[in-house]
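What follows is a set of notes on a single structure, which appears directly below.
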Number of protein chains: 2
Amino acid sequence: MPSIPKGTRDFQPAEMSGRNYIFDTVKRIFKNFGFLPIETPSMENIETLTGKYGDEGDKLIFRILNSGDFVESGKLKNISGEEFNSKKLSSLISEKALRYDLTVPFARYVVMHRNDIVFPFKRYQIQPVWRADRPQKGRFREFYQCDIDVIGSDSLLNEIELLQVIEKVFSSLNLKVTIKLNNRKILFGLAEAIGASEHFTQITMALDKLEKVGEKAVIEELGQRGIKPDAVEKMAAFLRFISNEKISSDLGILSSDNHSKSRLEYLTNIFNSPSIGVKGLEEMNFLIKHIKSFKFDFAEIEFDPTLARGLDYYTGSIFEVIAKDAEMGSLCGGGRYDNLTGVFGLPGISGVGISFGADRIYEVLKTLNLIPENTDRCVSAMLVNFGEAELEFALSLLAQLREAGIGAELYPDNAKLKKQFAYADAGKIPFVLMAGRDEILEKKVSVKNMQNGEQVTITEDEVSEYIINASHQF
Amino acid sequence: MPSIPKGTRDFQPAEMSGRNYIFDTVKRIFKNFGFLPIETPSMENIETLTGKYGDEGDKLIFRILNSGDFVESGKLKNISGEEFNSKKLSSLISEKALRYDLTVPFARYVVMHRNDIVFPFKRYQIQPVWRADRPQKGRFREFYQCDIDVIGSDSLLNEIELLQVIEKVFSSLNLKVTIKLNNRKILFGLAEAIGASEHFTQITMALDKLEKVGEKAVIEELGQRGIKPDAVEKMAAFLRFISNEKISSDLGILSSDNHSKSRLEYLTNIFNSPSIGVKGLEEMNFLIKHIKSFKFDFAEIEFDPTLARGLDYYTGSIFEVIAKDAEMGSLCGGGRYDNLTGVFGLPGISGVGISFGADRIYEVLKTLNLIPENTDRCVSAMLVNFGEAELEFALSLLAQLREAGIGAELYPDNAKLKKQFAYADAGKIPFVLMAGRDEILEKKVSVKNMQNGEQVTITEDEVSEYIINASHQF
C-alpha cells in the first residue's frame, strides 16, 4: 500500500468543500477591504530565506536538492574529514528551498517589484508553506497561509483595518474568537522597566512560552538566561499582576475593556517617560480608542502585555487570535515590521500584516460543527446508461440538458441499475433520468426525484424545463 | 537586488486577475460536468514518483533534502571511492520529491482511498507541479495543471465527456483550438503493420518529435534505432500520405471530417484483422460517430495517427489540444491508461484524463488579447485622509459604508491629496469621498466620481445609498 510523507495530507472532496468554504470567505473579505492578490514561487533562493526566522526556524526549512549530477560536476571534491558536515554538504548541493511563510517572500517581492507598486500596497496571498516541524494535532508540514499585509505606510489605521478584517472573517465563519493585542515597544519598555533591556530578545523568547509552560517556568528560564535576580523579581511581580487580573476576568469581576485599561495603567506607572515603552502605550491607546467606531461582535479584543510572538522582525503592534470555544493555539497572527525589506536592500518601509491559518480554522470549525453542507452542487441530473441501443437518444438528451445550462452526466457504463443509482446517491444528484427502449419509442423520459422518490414520465422536450422548475423547489 | 530561482515567477495583481479568470472558468466547467475536487501533497515519497515518467522524466524530478543532520546520523559513512555518485548520494539524503504531474499522485490517491471512493470516480485537481526542465518560452519549472480524470470505467463515453469539457473550456475562453486525437492501439497497429511491433516504444518516441523535427529526421531516427529498412520505408510512405493530406487540408481541398475519414481508411487497409490496431480503429470510429451529438464550435477534432504523447502509461485514446491562432505547443493533453494504479497494488482499473496547462493558456490568451479587464472590482469608495482631527468622522463614515455592504477604504496616511487620488486611480476605485473640516461641521461629504470627474456634496446619511445607486450605472 502506498503512503504519503508524514505531516502531509490528501484532501478528499468532502474536505475540499469545507476548506474552500474558508478560502472563499477570506478571499471575499480581503478583496472587499481592497487587498490585491499576488503569488510567489514555492521555491526561493536559499539566501532569501535563511536568517529570517531565527536559528530554530532555519532548521525547519525544506531544502531542494540541485538537479543535475553534482558529484560529477566536481562540487563535492573538496569534502573530506573534519569539514564534512551536513550544513556544509547541504550548501554545496542545494541552492533553493521551499518557502517557510508568506511574509519574507512578500518582502522580497516588494523589493523586486518596487517600480511597479503604488504604495501603500495592500496585498493578499493564499498559498501553502512548508515546515519540517514535528507533526502534531493541528500542525502539519504543508499547510496554507492566508496573508494580508499593508506595506509602505506606518499609520496605525492599518492595524485597525486588520482588526476589522479579523472580525469580519470570524463573524462570517460564525466563530467567536479573542484577539490578543500587544506591541513590541511595550515589551521593550517592560524589559527596560525591570532593568534588563539588554536581554530584550531573551525576555520575548521566554514570554512567548508563557501559555505553554506557565509563569513559574518562564521566571526560571529568565534566571537561567543570565538576567539579574532583582529584574527577574520585578518580572515575576508583573506576571502575578497579570494572572490575578486574569482570575478576576474569568470570574466576571473585570470586563475585557477594564482589563485592558488596568494593564495600561500598571505599565504607565512603571515606565519612564519619554521612552520606547511609552510610545508603545500611546500606540495601544490609539488603537483601543479608535476601534470603538466599529462593531466587534465575534472578535473580543484584549490588550495582553505578555503576548510576545516568536518572530524577530516585529517592531510594533503584534496580534494573535485564538478560538473561544476550542483548544487549537493561534488561528491567526501577525504584526508590524519596520524594516523587513531592509535585508533585501530597500530600507525604511514599514509594513503590517496578519496570517490566517486555514488548516487550524478548518479543524476548529469541524470540531464545533460549523462547516455548512456542500452547497455548490453543480450536477442536477444523471442519465441512466441502458447500453449501446439507447445511447444515441441518451447523448442527444444530455446535449439538450447542457445547452439549457443544466449540469448533467450520463453514467458511463451499462452497469446494473442499482450501481448506477448508488452513484447518483453518493453524488447527491437530485434527479435521475431514464430512457429505456419503451420510453425512446414514445420520445419520453422517466424522471426520478431522488429526494422524495417520486417518478414522472414526460416528453423529451419537456425535460430541461422540468428540471429547472423542480430545482427551484430545493 | 534579490532574485528568484530561474524558471519560476512572481504573479502581480493584474496577472493574477487574468490567471484567476482561467482557473475560475475551468473550475466552473469541471464542476458542471460532475467532477469533484481533491488535493494531494506537494511532496510525495520518492518511490511514488520514480519510474513513472521514463528515464528523462526521472531526471527532472525535484528532490527534497532530508531534514535533520544526515551526516551525524551516520547515513553517509559508507560512501567512498567508486560508489560515490550523485544518484547514490541523493538516495541517502533525500526521501521525498515534489510532484511532477497530477496523474501519478492521483493514482496513488485512488489506491490509498479506494474504500472511500464510489467508482467511477470523476475528480478534478488544480495544483502546481514542478519540473527541473530547461526554462524556455511557455515552459516553467513551477506551473499549474488543471486535471480531470475518470477512473474505474473503461467506457469510451468518458472520452466523449472529456472532448466536451475541452470544447466548453475553450469556447468559454473564446479560443479556437484543434483537438488532435489518436489511440495508442492504432500506433501499435501501425508498428505491427510495418513489421516492427517489437520496436513500438522507439517508434512512439520518434513520432513524438514529428512536429518539432520534421518527417525526415523521424525517419532517420527510426533507422538509427535498429528498425529494418523495409519497415522504415513503410513508415516513410505512411508519413508521406499524412503530409500530402495535410497539404490538401491546408489548401481547403479536404475538410477535417474527410481528413479523419481518409486516414481511417488508409489504416484499415494496412492493418490485419483481428488485431490490436483494428480494435484501436473501432474505438476511434466510436468516438467520431458519437461526438456528432454535440456542438463543437471552438474545438475542431482531428484524428491524427502520428500523435504519440511521450508518457509510457497511456494504453488507449490520446489527446492533444493546440491553439489555432498562436504558436504555443500543447495547451491540454491526456489519454487513457489501463493500469496506472497497478504499480501501487490495485490492478485492473482503467482511467482516462486530461490536463489543462493554465500557464500556456494564459500566454496564448494574452497574446491574442482575450483576457477580459479585471471585472471583480470590490472596492467602490476611498475616503480621503485629512488627518487626526477629521479621523473620527472618517472612521464612522467607513463603518457606515461597510455596514451597507460597500467595499470601502480609508487612505491610511495624511498624505498630499495628489498622492491619495493617485492611489484611488491606480486601484480603479470609482468614488473618492472627502470630508474635511467644513464638510464635517455640516455633516456632509463630497463625492467625486473618478470616471467622469463630477463632484457632488451630500449629507453623511445619504452616502451609502448614493454610492449604491451610482454604482449601478456602470
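Give, in nm to one decimal, the length gained when the segment between residue A:115 and residue A:258 is fully stretched (0.36 nm per residue of separation minus the Cα-Cα distance).
46.8 nm
Pull out a ≥ b ≥ c, the square roots of the eigenvalues of the alpha-carbon gyration tensor of the range A:138-238, then state rounded if a/c is under 1.5, prolate if not and a/b is larger than b/c, and oblate in the remaining case.
prolate
So what are the radius of gyration and Dmax for the Cα set of the range A:93-158, in Å?
Taking only Cα atoms of the range A:93-158, I get Rg and Dmax of 14.8, 46 Å.
Against the longest alpha carbon principal axis of chain A, how many degrees, from 0 to 90 and to the nearest 10, is the axis of helix A:358-367 turned?
Once rounded, the angle reads 70 degrees.
Take the Cβ-Cβ distance between residue B:212 and residue B:10 as r, set R0 to 25 Å, and report the resulting FRET efficiency rounded to the nearest 0.05.
0.25
Out of every Cα pair in the range B:381-471, what percent are spaced more than 22 Å from each other?
Tail of P(r) above 22 Å: 16 percent of Cα pairs.
Based on the alpha-carbon set only, what is the convex hull volume of the range A:248-343 divided per residue, in Å³?
Value for the range A:248-343: 141 Å³ per residue.
State, as an integer percentage, the relative contact order of the range A:117-199 based on alpha-carbon contacts under 8 Å between residues 6 or more apart.
Over the range A:117-199, the number comes to 22 percent.
Please report, for residue A:403, the nm distances (one decimal) from its label point, 7 Å out from Cα along the beta-carbon direction, to the equivalent points in the remaining copies, shortest first.
Ordered by distance, the counterparts are at 5.2 nm.
At residue B:47 and residue A:425, where each label point lies 7 Å from the Cα along Cα→Cβ, what is the point-to-point distance in nanometres?
Going from the residue B:47 label point to the residue A:425 one covers 3.9 nm.
About the Cα centre, and with charges only on the beta carbon of Lys, Arg (+1) and Asp, Glu (-1), how big is the dipole of the range A:219-282? Nearest 20 debye, please.
Value, rounded to 20: 140 debye.
Kindly flag which residue pairs out of A:6/B:96; A:209/A:366; A:87/A:212; B:180/B:292; B:52/B:180; A:168/A:292 have an alpha-carbon separation exceeding 21 Å in this structure.
Violating the 21 Å limit, Cα to Cα: A:209/A:366; A:87/A:212; B:52/B:180.
With each run of n ≥ 4 DSSP H residues scored as -39500 (n - 2.57), what mean residue ellipticity at 222 nm is computed for chain A after dividing by its residue count and rounding to the nearest 500 deg cm²/dmol?
Rounded to the nearest 500, the figure is -12500 deg cm²/dmol.
When you take every Cα atom in the protein assembly as shown, what is the radius of gyration, and what is Dmax, the widest Cα pair distance, in Å?
Cα-based Rg and Dmax for the protein assembly as shown come out at 31.9, 99 Å.
Rounded to the nearest Å, what's the spacing between the alpha carbon centres of the range A:206-257 and the range A:271-330? Just the number, please.
17
Go through the range B:82-154 and name the chymotrypsin sites (Phe, Trp or Tyr not before Pro) that are in a DSSP coil and have 15 or fewer other Cβ atoms within 10 Å of their Cβ.
B:84
Against the empirical 2.2 N^0.38 Å scaling, what ratio does the C-alpha Rg of the range B:187-229 come to?
1.04
Run the label-point distances for residue B:366 please: 7 Å along Cα to Cβ, every other copy, nanometres, shortest first.
3.7
With unit charges on the beta carbon (Lys/Arg positive, Asp/Glu negative), name the residue among A:422, A:467, A:405 whose Cα is farthest towards the positive pole of the charge dipole of the range A:381-471.
The residue sitting farthest along the positive end of the dipole is A:422.
Apply the a/c threshold of 1.5 to the C-alpha gyration tensor of the range A:73-227 and tell me whether it is rounded, prolate or oblate.
Oblate is the answer for the range A:73-227, as a/c is 1.5 or above yet b/c matches or exceeds a/b.
Can you work out the FRET efficiency for the pair residue B:230 and residue A:392, with r the C-beta to C-beta distance and R0 = 30 Å, to the nearest 0.05?
About 0.10, to the nearest 0.05.
Against the longest principal axis of chain B, how steep is helix B:215-224, in degrees 0 to 90 to the nearest 10, with axes from Cα atoms?
50
Explain nothing, just the number: relative contact order of chain A, from Cα pairs under 8 Å at least 6 residues apart, as a whole percent.
Across chain A, relative contact order equals 16 percent.
Viscosity 0.890 mPa s, temperature 25 °C: give me the Stokes-Einstein translational D for the range A:200-282 in µm²/s, with Rh taken as the Kirkwood radius over C-alpha pairs.
Rounded to a whole number, D works out at 175 µm²/s.
Residue A:172 label points, 7 Å along Cα→Cβ, one per copy: pairwise distances from this copy to the rest in nm, shortest first?
Between copies, matching label points for residue A:172 lie 2.2 nm apart.
Given +1 on the Cβ of Lys and Arg, -1 on the Cβ of Asp and Glu, and no further charges, what dipole in debye does the range B:381-471 carry about its Cα centre, rounded to the nearest 20?
Dipole size: approximately 400 debye.
Placing +1 at every Lys and Arg Cβ and -1 at every Asp and Glu Cβ, with all other atoms neutral, what dipole size does the protein assembly as shown have around its Cα centre, in debye to the nearest 20?
So the dipole magnitude of the protein assembly as shown works out to roughly 1300 debye.
Measure nothing but the geometry: give the 0 to 90° angle between the long axis through the Cα atoms of B:276-290 and the longest principal axis through the Cα atoms of chain B, rounded to 10°.
With both axes taken from Cα atoms, the answer is about 40 degrees.
I'd like the FRET efficiency for residue B:250 and residue A:325, computed as 1/(1 + (r/R0)^6) with the beta carbon distance as r and R0 of 60 Å, rounded to 0.05.
Here the calculated transfer efficiency is 0.30.
Using every Cα-Cα pair within chain A, state what percent have a distance larger than 33 Å.
53
Say each of residue B:272 and residue B:3 gets a label point 7 Å from the Cα, pointing the same way as Cα to Cβ; how far apart are those two points in nm?
5.9
Kindly list the residues of the range B:30-72 that lie in the label zone of residue B:95, defined by a backbone N under 18 Å from the point 7 Å along the Cα-to-C-beta vector.
B:41-50, B:63-72
Laboratory data are not the source of any read-out in this text; all were calculated from the coordinates shown. None of these values were measured; they are calculated from a predicted model. Cβ atoms come from the backbone with ideal geometry, glycine included; neighbour counts cover every protein chain shown.
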